[in-house]
Amino acid sequence: MHNKNMKIPHNLRKRPAAFLFKFDLKMKLTTLILIVSLFQLQANDSYGQKTKITLTLENVSLEQVFNKIESLTDYKFIYKDSEVDYRKTTSIKVTKEQLSSVLEKLFKESNVRFRIMDNQIILKPKKEPIGLKLTLDNSSINNSIATQGIKVTGTIYDSNGQPLPGTNILEKGTTNGIQSDFDGKFTLTVKDKNATLVVSYIAFLTQEIVVGNKTNIIVRLEENASELSEVVVVGYGTQKKENVSGATSTVNFEDVIADRPISNSVTALQGAIPGLQINVGSGRPGAEGASINIRGFQSLNGGQPLILMDNVPVNIGDINPDDIASVSVLKDASASAIYGGRAAFGVILITTKKSKKGNTPKLTYSSSMSVSSPLELIEPASPLQFVQTLKDTGVDNYFSGQDTGIWIDLINQYNQDPSSIPTKDGVFTDENGQFYPLRKNDIVGDFLDDTGYTQIHNLAFSGGAEKSTYRVSLGYYDEDGIMASSNDSFNRYNLNAFLQSELSNNLTASLSTNYRASTTLNPVASYLDAVQLRTFSGSGDFTLEDGSTVPFGTPENLARHRTPGKVENRNIRLTGKLEYKPINNLTITGEYTYQNSVGNSRSSNNGVLFYSPFRFEPDPIPPTSYNRSNSDIVFKALNLYANYQQSLEDHHFSILVGMNDETNHSESFSAGIDNLISPELPTLGLGTENPTNGDSFGEWAVQGAFGRIGYNFKQKYFLEASGRYDGSSRFPSAERIGFFPSFSSAWTLSRESFFEPVKDVVSFLKFRGSWGDIGNQNIGLYPYLPTLSAYDAAWVNPNSSIRYTTLSTPGLVSSSFTWERVRTLNYGANVNFFSNKLNTTLDIYTRTVFDILAPGADLPGILGTNAPQQNTATSETKGWEFQMTWRDRIGKDFTYNLGFNINDNDAKIVKYDDNKVGLLSSFYEGQTIGELWGYVSDGFYTVDDFVEGSLNADLRNGTLKDGVVSIEGVSPNPGDAKFTDLDGDGVITDGNNTAFYTIDEATGNIVPETGPGDRKVIGNTNRHFRFGIHGGARYKNFDFSFRMNGVGKRDFYNNGQLYFPYVGEFSNVFAHQTNYWTPENTDAYYPRNYPLGGVNYGSSRRTQTKYLQDGSYLAISNISLGYSMSSKVLDKIFLDRLRFTLSAENPFISDNLPPGLNPEFGSAGGNYPFQKKFAFGVNLEF
C-alpha cells in the first residue's frame, strides 16, 4: 500500500449564512496581526485550483510522476498498490497548468479517479469491485437479498467531519459490498438486521457496525497512524519511516506534551523513546539541569547527544514546548554520522510547527493553570526521638549544653501537658540559664508552606497563500514554587516567527526567528538546610525582652528576608534558508544561523540579623556583599547541501552532498564587593572592601564535508552509505582532520510475494543492519596547550598587604593526539501484526569507543604531574531496545491505544594503559562502568562472638573468640556490622585496593591483603531496564491519556545522615532511622552507634550489601482527561475547536527508598523536591 502522508487534515466545516458576518470580523483581526508580525498576505482558499505546475516527463512510471508532483507542490498521493498500477509507463508535458487539469490528463485513459482533499490527492479505481466477487451497486445484488433484505444508507466521515470517498462497506461474511461516493455516501441492501457492516479505508481503523434497526448510519473513522507511510526527519532531509534503515525513533510531540504544565520539553520526553535516557535532578521552577543521554555510557571524557533545530544546534530549554511538532532521535552511526563529530553519541532532531500552502488563516490559543505541592517529603525525627537517639548512642551532654537525661524527662512532661512547664517560644530555661527546646516545630513545612502555582499561555497565528506560508507564536510561562515567599519563581517569554515564500518557480526562501527571555529567582535557602534542622529548632520569630522580634535563621526566614539570587537569560536565534531547484529532482539548500545568548547573574547579602535556631542567641551579622557575573555567547552556523533523487522503473536513488561550518565565541566576567553603603540598592560602585573580579573567554570551530548515497529496489531492498570529513579546532593542527564512514541496509520481507499468505497476521516485517564510525571531540577547548592557571599565593606582599598572584605548574601535553572514534554496530527489526494494530521494534547494538584520550602511560608519582593525554583507551557498550504499540477500536465510538518500551545496556573498559595494576581508584581494564565494590554483610557481632567475661559493662573492649572473623584496624563490639571473609584469611581487609588478587603459585591460594581484599562487586549505580508506558482512549468527545516511566534496577550507596542515624555531632535524625541496635534491640536494622557517630560507627557504615539502596521505581508522570466540543456546538459559536482538559503531573511514585528520598536523586539527598501538579486547561481554535 502506498500512503504518502501522515495524517489527513480537515477542511473548514460548512458554515451557516450568519457566519459571514463573523468571518468578516475574523479577517480584520487576521489582517491586523499579519501587518504587525510579518507583512500582508492574501489567504487563498482555492490553492488546489490555482496551483500551477510545469512537467516534461517521457516514458516514466506513474510513480515517478507522483514523486515529481510532490516535489513541486505540498501535495501527497494516497493509494493502494492493488488499486493503482503505479508502475505503468506514461508521458506528460504541461506548462504552468492547474494541478487539477494535469491530473485529469494524467488519468484520462486510465481506470483511476482522483479527489483532492486539502493537501492529499486520493486515488481510487473507477467503479471497480472491492473484492473478488464484490458488487458495486444494489442492482447487481442477489435477487433473494434484494427481495428479502434491508436497505441501509449512510455517510462515512473522518474524525474531523470530512467525507471519505471510496470507503469500503462490506457485509461481514459475504461478498456483498459497496464503495462510498465522492460525498462519502453509500446505499447497501443486507440480509437482515443481524448483519454486520465492515467499514474500511486506507490509513484508517476498520469499524464493524451491527445494522440492527438502523436504516441510516453515520460512521466516523479514526486515523490509524501505524498504517501511514509516516515521514520522519533524518540528517539533512526526510524519509518515509518504512524506508529507514538506521536506528531512529520519532514521536509526535503533541502526544507527549498534550496540556501538561511543564516548562522544559526534556521532561516530557522521559520514558517516551527507547534508548533516550533523561535524568531530572531537581523540581525547582525552571530547572534545566536534566541530563540527556542516548544509549548509555559515552566516553571516559564524557559526551552528550547533539540537539538540532533546523539542522543547527540548539538549547532545548530555549524552545517553547508548544512550538514543537515532532522529535526524532538518531541513535546509531548510520543515522547520525552525517552530522559529524558533535553527533558521536546520537542526535535529537526537533521539528517545529509550521503552516502549509493554502491553509486558511488560523488563530489558536491555549491556556493551562495548575497548583502544585511536594510529591513527597522527608520526615525528621520528633524532639523525643532525636534526644533518645543521643542518649542511646552514649551522648550525655549535647553540644549546646543540654543534659540528655533531663531533656528526655522534660519533653515527656511537655508532651503530656505543655502548660505544666513554663516555656517561651517552646523553650524551657532552667535556673542555670540552660535552655531546653521542647516544642516540635514543622521546620520543613514552614519552609515549603506555599502552594505552587503555574500558568501557561500560548497564542499562535498561521496560514498560507498560493506561494507563502507563515506562523507566529507567543508563549508565556510563569511558575511560583513551593518555598515560602515569592522569591522562588521562574518566568519565560517565547516569541517565534516563521515565514516562507516562493520567490520564483524554483526558488523558495524562509526565515525563522526564535526569541527567549527568562528570569529565575533563587532563594538563599535550600531544602537540604531545612531537613538538617532538628524539629525542636527555633521557628518563626524570637521575642526579645523588650517585646521586639528577630527572625530565627531558618530556611523559611532566609527565603523571606534575604535578597534572592537573580538569573536572567536572553537568547535570539535567526535562521535563513534558501531552496533552489535548478532541474528536476535536484534541490540545493543553503542555511545560515546566527544566535546570541546572554546570561546575567546577581546575588547579594543584605545583612539581615537572624537569631540562631540552635543556640537561641543572635547570629553574627555577615558583611553585606554584592556579586555579579555575565556571559555572552555568539554562535554561527552555515550549511550548504544538495539533494538529488531519481527513479528508474523499480530502482530508486538519492544522493546528498554538502558542507557544514560552525563557530562559537564565548566571553564571561564576574565581579564582587563587600561592605555595601546601601544594601537596599546593591551596586559594585557602592562597596568599600574586598573587590574581586575575573573574566574568561573561549572559542571553537568545526568544519565538515559530507555525503550520502541511498538506493532501494522495489521498496524492498535498501542500501545507504555516508561519509564525512570533519575538522575540529580542539586538536593539534596536524591532527584535526578525520574521515568517518557509515553503512546501512534493510530488507522489507513483507513486500515479497512469498509473504502474502501470512500478511493477515504479520502485516509488516523489515530487518535492518548498520555499521559506522563517528569522531568524538568532547575533550575541552585547548587540550594541546600547556596552560597555566593563576591563583593567590599563601604569602603576602608586605608593601600592599595583598597576596601575590602565582601561576600553577603546567601539565604535560602531547602534540599527536586526535579524534576519539565511536563505532556502532546495530541490528534491528520492525514487525507489525494484525493489520498494523500491533507495531513492534527491536534493536540490538554494540558501541565501541576507540582511541579514547587518557593518560598515555603509568608514570611514577615522583614525577609530580599526570601523564599527557593520548589516544590509548577503549570502551564498549552493549545494549538492546524494544518498543511496542497497540491501536484498536471497540464498537463505533471507542478507540484506544497502549504502548510500552524498555531498554538496557552495559559498558566496560576494554583497554586502559595508565592502570595496569587495576587500582580501584581509577579506570582499569575489565571494569564495568558504574560497578559498586563493597563487603558482604553477615549481620552484627553478638555477645556470643566474644570470650565470656571479656566485655565491660558498656559491652565494649571484649576479646573475639577463635574463628570469629575480625576487622583490620577495628576492635569490634556487639552491635557492630560483621562481614563475610571472602579471601579466607580470617581478617576483613580491603586488600591492596586493586581489582585482581595475587595468587600464590605454589599453593594456588590468594595472597593475603591483595586485590580487593574481602570486597566484591555488589551492585551497579547505572539505571538498568528503563521503561516507559503510555496509553489513551477516546469515546465520542471524551479522551483520556496516561504516561508512566521507571527504572527496573539500580543500586547506589549513601552512608550520610539521610540514610544512617546521627552520623556526626551536628547531624539530624529522621523518623525512618529509629530502629537501631541497642542491648535491648539486637534485632535492629541499623548498627550500633557511638557518641558523636564515632568509635566503630564508620566501619559499620562502610559500603556493604545490607544497606545497598534499591533505586528502581515506577512513576506516573501524567494523567489527562479531555473533552472536545462537538461540531454542532462549534458551528454556533464560530469556533473550529474548543477543548477542556484536566491533568495531573507527577501524581505518584512507587519506590523502595525511605520516605521522602527520591530514586532519581540517587545517593544525593536534599534536592529541591519534585512537585505534583494538578492543572486545568483550555484550547481554542478560530
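The values are calculated or read from the model by the stated rules, or taken from the named source; none is laboratory data. It should be emphasised that the depicted structure is a prediction, and the values quoted were computed from it without experimental measurement. As a convention, Cβ positions derive from the backbone with ideal geometry for all residues, glycine included, and neighbour counts pool all protein chains shown.
Restricting attention to strands (runs of 3 or more DSSP E) lying wholly within the stretch 165-225, give those where 3 or more residues are of a type outside the set (Gly, Ala, Ser) and under 42 Å from the mean Cα position of the chain (by Cα).
Details: elements: 168-171, 177-179, 185-190, 196-200, 207-210, 216-221.
Here the list reads 207-210, 216-221.
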Tell me, please, whether a residue that is out of contact with any Phe, Trp or Tyr (no Cβ under 7 Å at 6 or more places or on another chain), assigned to a strand (DSSP E or B) and at pLDDT below 95 can be found in the stretch 542-554.
yes
Residues satisfying the stated conditions in the stretch 839-860, i.e. of a type in the set (A, V, I, L, M) and under 25 Å from the mean Cα position of the chain (by Cα)
842, 844, 849
Can you pull out every residue in the stretch 955-982 that is farther than 12 Å from residue 941 by Cα, within 54 Å of the chain's Cα centre (by Cα) and either acidic (Asp, Glu) or outside any loop (DSSP other than H, G, I, E, B) (or both)?
968, 970, 981
Being assigned to a strand (DSSP E or B) and more than 31 Å from the chain's Cα centre (by Cα) is the filter; apply it to the stretch 895-920 and report the residue that is farthest from residue 993 (Cα to Cα).
911
Cβ-Cβ under 6 Å pairs, at least 6 apart or on other chains, the stretch 824-847 side closer than 15 Å to residue 901 by Cβ, far side assigned to a strand (DSSP E or B) and of a type in the set (Asp, Glu):
828/843; 843/881
Of the residues in the stretch 903-953, those that are under 30 Å from residue 294 (Cβ atoms), buried (at least 16 other Cβ atoms within 10 Å of the Cβ) and among the polar types (S, T, N, Q) come to 903, 905, 915, 927
Of the numbered conditions (1) touching a Lys or Arg at 6+ places or on another chain (Cβ under 7 Å); (2) at pLDDT below 90, residue 494 fails exactly one; give the number of that condition.
(2)
Filter the stretch 115-138 for residues that are crowded, with 17+ Cβ neighbours inside 10 Å and in a strand (DSSP E or B); the one that is modelled with the lowest pLDDT is 117
So in the stretch 632-680, with the set limited to residues that are more than 40 Å from the chain's Cα centre (by Cα) and farther than 30 Å from residue 237 by Cα, which one is surrounded by the fewest Cβ atoms within 10 Å (Cβ to Cβ)?
680
In the stretch 1118-1139, anything under 27 Å from residue 898 (Cα atoms), of a type outside the set (A, V, I, L, M) and surrounded by fewer than 17 Cβ atoms within 10 Å (Cβ to Cβ) is listed as 1123, 1126, 1137
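Here are some residues: 374, 418. Which one is more than 45 Å from the chain's Cα centre (by Cα) and at pLDDT below 95?
418
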Criterion: touching an Asp or Glu at 6+ places or on another chain (Cβ under 7 Å) and touching a residue at least 40 places away in the same chain (Cβ under 8 Å) - qualifying residue of 571, 585:
571
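From the set of residues in the stretch 480-521 that are of a type in the set (Asp, Glu) and either in contact with a Gly (Cβ under 7 Å, 6 or more places away or on another chain) or part of a loop (DSSP other than H, G, I, E, B) (or both), which is surrounded by the most Cβ atoms within 10 Å (Cβ to Cβ)? Write out each step before concluding.
Step one: of the stretch 480-521, the residues of a type in the set (Asp, Glu) are 480, 488, 502.
Applying the additional criterion that residues be either in contact with a Gly (Cβ under 7 Å, 6 or more places away or on another chain) or part of a loop (DSSP other than H, G, I, E, B) (or both) yields 480, 488.
On the way: 480: 21, 488: 24.
Looking at residues that are of a type in the set (Asp, Glu) and either in contact with a Gly (Cβ under 7 Å, 6 or more places away or on another chain) or part of a loop (DSSP other than H, G, I, E, B) (or both), I get 488.
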In the stretch 600-631, how many are buried (at least 16 other Cβ atoms within 10 Å of the Cβ) and in a strand (DSSP E or B)?
13
Just one of 706, 743, 731 is touching a residue at least 24 places away in the same chain (Cβ under 8 Å), surrounded by 15 or more Cβ atoms within 10 Å (Cβ to Cβ) and not in a strand (DSSP E or B); which is it?
731
Go over the candidates 367, 382, 372 one by one and state the one that is polar (S, T, N, Q), farther than 29 Å from residue 708 by Cβ, surrounded by fewer than 23 Cβ atoms within 10 Å (Cβ to Cβ) and in contact with a Lys or Arg (Cβ under 7 Å, 6 or more places away or on another chain).
382
If a residue has to be in contact with a Ser or Thr (Cβ under 8 Å, 6 or more places away or on another chain), under 22 Å from residue 288 (Cβ atoms) and not in a strand (DSSP E or B) to count, how many in the stretch 319-344 make the cut?
6
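Condition test on residue 334, is it within 30 Å of residue 1170 (Cβ to Cβ) and not aliphatic (A, V, I, L, M)?
It is false that residue 334 is within 30 Å of residue 1170 (Cβ to Cβ) and not aliphatic (A, V, I, L, M).
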Scan (1) more than 29 Å from residue 1013 (Cβ to Cβ); (2) touching a residue at least 60 places away in the same chain (Cβ under 8 Å); (3) surrounded by fewer than 20 Cβ atoms within 10 Å (Cβ to Cβ); (4) touching a Ser or Thr at 6+ places or on another chain (Cβ under 8 Å) for the single condition residue 1115 breaks and write down its number.
(3)
Tell me, which residue of the stretch 421-454 that is β-branched (Val, Ile, Thr) and in a loop (DSSP other than H, G, I, E, B) is surrounded by the most Cβ atoms within 10 Å (Cβ to Cβ)?
423
Select from the stretch 89-110 the residues that are of a type outside the set (Val, Ile, Thr) and loosely packed, with under 13 Cβ neighbours inside 10 Å and write down the one among them that is nearest to residue 56 (Cα to Cα).
93
Output for the stretch 748-770, where each listed residue is assigned to a strand (DSSP E or B) and buried (at least 17 other Cβ atoms within 10 Å of the Cβ):
748, 763, 764, 765, 766, 768, 769, 770
State the number of residues belonging to the stretch 612-626 that are in contact (Cβ under 8 Å) with a residue 12 or more places away in the chain and out of contact with any Leu (no Cβ under 9 Å at 6 or more places or on another chain).
4
